[in-house]
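Following: one structure in structure tokens, then a few remarks.
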Amino acid sequence: MTHHKELPPLRSIENIFRYPMQLLLLATIVLASACNDSKPVTDLPNIIVSTDIGGSDPDDYQSLVHLFVYADQFNLLGLISSPPDAGRKEHIEETIAAYAADFEKLKKHSTRFPSPEYLLSITKQGATDSLQTGIPGELSEGASWIIDKAKENAGQPLYILVWGSITDVAQAVHHDPSIKSNIRVYSIGSWNTVMDPKSRDYLFDNHPDLWWIENNTTFRGMYMGGDTTNSMGNLTFVENHVKGHGALGELFWEKKKDIKMGDTPSVLYCLNGDLDNPKGESWGGSFIKTSHGPNYWTDNPADSLIENNRAGAKTVNKFRQAYLRDWAARMGWLKE
């Protein structure tokens, strides 16, 4: 399945408690969510994001801002707060508050942007601790949500983008292995794996048939290398195309003033490329199949694709100008 999208024409909150209007808006949509009947569209890729936003690394805020500006391109089914560290569901809600402030501007460009109250309704708390034994135990709210959504959408692939520890995915697969036939995992490894190695190893050792892109180094191409000319540098891009662009842009700037966005290649993969072919070119990288299992791909070690000793990073940074200019156009909507 190749996911196509129309590209728009190119145009050039510290803590939310400092933004009382956003707080008021968030409180309003929380109350409204109980009776909201909005349903996601069904002809777009089904996505659940598992994120350690609010923990020790601010780049998850950056990636969630980017995701929300593209929210009309996906059928978002879940936003799960996962370990490690201090990240919690409230940090996802903080970003939804900024999205709510910009929602009317986004709606002018696409009726497919989900309402803020819908996003709140699919935000769940996942595990708060990494796996301490070899086998996942108690099922978190987030893991239960993964199981429910996988079964509700049987026959349609459910992409689980893992930006933190893979704890909730491991719990879900352990408690109901039948969902493997319907889920596709794209995980950002490296530091996230270090923070919960037992969950990763449980999946790798016990479920070799799991459809899984394990991105351990390719994601570094998001902020290493590539064409950084014409305000496309890590700092110059944010200064010119994010700062001052709506509440989402201000939240991004507040949390980190240059591009890292190490989790964003998982989103870029779903925006551009053949979703059925991880070996093909996409904004989110190109991967190789190993002998581990029939549906497992990881970083391409070819010398020609190494950037700063990171295997596969050039399969992302070669598209830097394309995906940043596309995003700049959308951020421009928030400055109108």
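Note on Thr236: accessible area is roughly 60 Å² with a 1.4 Å probe, heavy atoms of protein only.
Solvent-accessible surface (1.4 Å probe) assigned to Lys198 amounts to roughly 90 Å². Relative protection proxy for 65-73, 298-306, from highest mean packing down: 65-73, 298-306 (other beta-carbon atoms within 10 angstrom).
What does the charge count around Leu120 come to, taking other residues whose C-beta lies under 13 Å from its C-beta (Lys +1, Arg +1, Asp -1, Glu -1)? Summing Lys and Arg as +1 and Asp and Glu as -1 gives -2.
Solvent exposure of the stretch 205-287, expressed per residue, is 31 Å² of accessible area, with all protein chains present and a 1.4 angstrom probe.
Rolling a 1.4 angstrom probe over the protein heavy atoms with all chains in place gives the stretch 107-160 an accessible area of 47 Å² per residue. Each label was represented as a point 7 Å from its Cα along the Cα-to-Cβ direction; for Ser181 and Lys108 these points are 4.8 nm apart. Couplings for the stretch 88-97, taken from phi via the Karplus curve 6.51 cos²θ - 1.76 cosθ + 1.60 with θ = phi - 60°, read 9, 3, 4, 7, 5, 5, 4, 6, 5, 4 Hz in order; Gly and Pro are left as x. Calculated from the alpha-carbon coordinates, the stretch 41-92 shows an Rg and a Dmax of 11.6, 36 Å respectively. Within the full protein context, the accessible area of Ser181 is estimated at about 110 Å² for a probe radius of 1.4 Å. Here the accessible area is traced with a 1.4 Å probe on the protein chains. For the chain, carbon and sulfur cover 51 percent of it.
Excluding Ala311 itself, what net charge comes from residues whose Cβ is under 13 Å from its Cβ, given Lys and Arg +1 and Asp and Glu -1? Net of charged neighbours comes to -1.
Given axes a ≥ b ≥ c from the Cα gyration tensor, I'd like to know whether the stretch 31-186 is rounded (a/c under 1.5), prolate (a/b larger than b/c) or oblate. Verdict is oblate for the stretch 31-186. Which percent, nearest 5, of DSSP beta bridges in the chain are antiparallel? Rounded to the nearest five, the antiparallel share is 20 percent. In sequence order, the stretch 120-137 has phi-based couplings of 4, 5, 9, 8, 10, 8, x, 4, 10, 10, 6, 5, 9, 10, x, 10, x, x Hz under the Karplus curve 6.51 cos²θ - 1.76 cosθ + 1.60, θ = phi - 60°, and Gly or Pro positions carry x. In percent, rounded to a whole number, the relative contact order of the stretch 183-271 is 31, using alpha-carbon pairs under 8 Å and six or more apart. Can you give me the Cα centroid spacing of the stretch 63-113 and the stretch 212-231 in angstrom? About 22 Å separates the Cα centre of the stretch 63-113 from the one of the stretch 212-231. Shape class of the stretch 118-160 from the Cα gyration tensor (axes a ≥ b ≥ c, square roots of the eigenvalues): oblate, since a/c reaches 1.5 or more and a/b does not exceed b/c.
The computed Rg/Rh (Cα atoms, Kirkwood Rh) for the structure shown corresponds, within (1) 0.94; (2) 1.13; (3) 0.98, to (1).
The values are calculated or read from the model by the stated rules, or taken from the named source; none is laboratory data. Keep in mind that what you see is a predicted model, and the values were worked out from it rather than measured. Neighbour counts run over all protein chains shown; Cβ positions are idealised from the backbone, glycine included. For accessibility, only protein heavy atoms count, side chains too; no ligands or nucleic acids. Shrake-Rupley method; radii C 1.70, N 1.55, O 1.52, S 1.80 Å.
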